[in-house]
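Some notes on the structure that comes next.
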Amino acid sequence: MNMELYISLAAMIISLISVIVSIAIYLLGIQRDKKQDTLDSFNLLQEQVFDKLNLITYSEITNICKKVDNGSIDDETNSKYYELLGYLARLEHFSLGVNTGIYDAKTAERAGTAFLVSLRKKLLPVIELQEKRGNHNSDKRIEYYKEFRMLTERVAKYE
């Protein structure tokens, strides 16, 4: 009878260890998938946003914003401005994913520390113009691209 108790106890301990190891492997797999998803999304941003924004200078962005702000918009200026807003929307979407934990923050920070911060500075004229235009007739101030700002502030600490 005493031997049966030891065998049952040993079986329970082995089962408990199995459960703990299985949970650990599962959690490590989730973390790895999260990191991989972050890198995949960052690579997609590289193709859709970063490479294209590298072709546009800060002075071009400020000129586009000045024309839009002054109301002297031609088709080319309008097209470029909405293209910049599209890039910002993609950056905001990625930033939201990082800030909410869908993507891995450490991986995103390691992948784009200095670049994301400089990119926000480069796009600041567009962000400020959107806030000016969006808050024109409103008592309540709307902050545009807040998630992108939060991410770049967090990433700037690692520079």
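The values are calculated or read from the model by the stated rules, or taken from the named source; none is laboratory data. Not measured: the values here are computed from a predicted model. Heads up, the Cβs are rebuilt from the backbone with ideal geometry, glycines too, and the neighbour counts pull from every protein chain shown.
For segment 131-145: of the residues being modelled with pLDDT of 70 or more and surrounded by 14 or more Cβ atoms within 10 Å (Cβ to Cβ), which is farthest from residue 112 (Cα to Cα)? Please lay out each step first, then the result.
Start the filter on segment 131-145 by keeping residues that are modelled with pLDDT of 70 or more, which leaves 131-134, 141-145.
If we keep only those that are surrounded by 14 or more Cβ atoms within 10 Å (Cβ to Cβ) too, we end up with 131, 144-145.
Values: 131: 25, 144: 21, 145: 18 Å.
Across segment 131-145, the extreme among qualifying residues is 131.
If I go through segment 12-44 residue by residue, how many of them are among the aliphatic types (A, V, I, L, M) and touching a residue at least 40 places away in the same chain (Cβ under 8 Å)?
Number of matching residues: 1.
For segment 61-109, which positions are in contact with a Leu (Cβ under 9 Å, 6 or more places away or on another chain) and among the β-branched types (Val, Ile, Thr)?
Hits for segment 61-109 are 61, 64, 68, 98, 102, 107.
Go through 47, 76, 4 for me and flag whichever is within 30 Å of residue 147 (Cα to Cα), free of Cβ contacts under 8 Å to residues at least 24 places away in the same chain and loosely packed, with under 10 Cβ neighbours inside 10 Å.
Checking each option against the conditions leaves just 47.
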